[in-house]
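Asks: The following block contains the structure, expressed as structure tokens.
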Amino acid sequence: MALGRHSDFNRLWFGQTASNFGDKISLLALPTLAVVVLDGGAMEVGVLGALRFLPFLLLAPFAGLVADRFSRRTIMIAADLGRFLALATLPLAFALDSVTLVHLFIVAGATGCLTTFFEVSYQSWLPQLIGTENLIEGNTKLQISRSVAEAVGAGAGGALIQVLGAARAITADAVTFLISFVALLFIRQRDVRERAEGQKASAKTELKEGLRTLFGNPVLRGLFTANVVVNLGAAMGDALLIVYAYKVLDLSPGQVGAAFAVMSVFVIVGAVLSETVAKNLSVGRLLVITAVVLGAGYIVVPAGGAIGGFVGLIVVQAIIGFVSPMFDIHVLSLVQGVTPNEQMGRVSGSALSAVYGALSLGYFLGGALGEGIGLTAALAAAGAVTIIGGLTLLGGPVAKIKEMPGGEPGAADADGPASEPVATEAGEAPKVGI
């Protein structure tokens, strides 16, 4: 593979793999600390969860503006150092017997804000670091790391918490951010962007410019719309799956865990095969088909459960796991290929804000529909929304894209004809980091 000898990318990949595993430790350790040590309840755990993702909804557009004005690598380094220091205060406070729920909330909020800046900067910098022609491979490798962390990180985190306790286990997560920090320091390539001399637009003007690019380019607009709707439907479905498994299928926690473990394995398989499948189907067809199959997966959950119960749920989870990374990897890579490099942060930040908003709304709607119209009907609604998201691509140029274009990022003309961003000329490239 082209990136096998790309030492700078491999350093980034190594650091991200470490921090992905660390994230899974804190995902379990922070609520455990709140409940077991500080006698918190559902409300406290809910606040901790909200503080992890709310910053994306509120801060991502501003983070994108910052990423377009300053060195993205420097922002990532500062974010890693900040997350390390924030998390390191918890085991220290625990050792001094002074840890509190307020302290826990502050750490969760601080790491959530810093993660927002890191993610927007990382998605914006990757095309420049590895080149547009390597985006599929780079995003695939990073997706595999996230998927492996999902599959084994939570279990490893649970074991670590069992042995060391929640507060000390958080130290391990802090160290993973330190590893990522050091890996970024050793990346030799610098983040250089050309800016028109004397051009000092206001923040408001620059944010508007990013929005014009996002909604003015037919490829970006189509990807944005589809991704928001697909994530809305998928979040609705995810909010219902566990409830359906327990209350309707009457499965045990062990069986539910096994089904989700199978899904994690197939997420890895889907990520590994995503490029090969895209070459056989074409990128545009892949995006439409994977979104439709994902939605159909939620719709057939009741049928699978009725036929095979536990086995049926495993089959459905395997299908969902297989197609999800294919959709995500190619959406992200296309966005990163189309967006002009100097606007990548603003486009990515605005898109991330909308996607996280859709996820938040989707979980709420899924729960509300499950209570209001029943779990089976709500799952059908979730699947229908997801399918509609994929079908929106048929009305624009995205469905016609045959392969990822190469060349310099952002060379495609956002105001040109709908088909131009997918042309095979060396100067044109699609790119969307959502």
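Asks: Could you tell me whether the range 119-128 includes any residue that is in contact with a strand residue (DSSP E or B) (Cβ under 7 Å, 6 or more places away or on another chain), touching a residue at least 24 places away in the same chain (Cβ under 8 Å) and not small (G, A, S)?
Replies: yes
Asks: For the range 237-248, what are the residues that are open to solvent by 20 Å² or more (accessible area, probe 1.4 Å) and either of a type in the set (S, T, N, Q) or assigned to a helix (DSSP H, G or I) (or both)?
Replies: Matches in the range 237-248: D238, A239, I242, V243, Y246, K247.
Asks: Let me ask something else. Looking at (1) open to solvent by 50 Å² or more (accessible area, probe 1.4 Å); (2) outside any helix (DSSP H, G or I), find the lone condition where F21 falls short.
Replies: (2)
Asks: What about G357, is it of a type outside the set (D, E, K, R) and within 14 Å of the chain's Cα centre (by Cα)?
Replies: It is true that G357 is of a type outside the set (D, E, K, R) and within 14 Å of the chain's Cα centre (by Cα).
Asks: Which of the residues spanning the range 38-50 are more than 16 Å from I106 (Cα to Cα), at pLDDT below 80 and open to solvent by 40 Å² or more (accessible area, probe 1.4 Å)?
Replies: A42
Asks: Mind checking which pairs have a first residue in the range 385-403 that is closer than 15 Å to N217 by Cβ and a second that is open to solvent by 10 Å² or more (accessible area, probe 1.4 Å) and among the aliphatic types (A, V, I, L, M), Cβ under 8 Å, 6 or more apart or different chains?
Replies: L393/V288; L393/A399; G396/A418; P397/A418; P397/V422; K400/V422; I401/V422
Asks: If F118 satisfies every condition in (1) at pLDDT below 90; (2) crowded, with 24+ Cβ neighbours inside 10 Å; (3) aromatic (F, W, Y) but one, which is the exception?
Replies: (1)
The values are calculated or read from the model by the stated rules, or taken from the named source; none is laboratory data. In this text the structure is predicted, and so the values were computed from the model without any measurement. We place every Cβ from the backbone using ideal geometry, glycine too, and count neighbours over all the protein chains shown. To get the accessible areas, we keep the full protein, side chains included, count just its heavy atoms, and leave off ligands, DNA and RNA. Shrake-Rupley method; radii C 1.70, N 1.55, O 1.52, S 1.80 Å.
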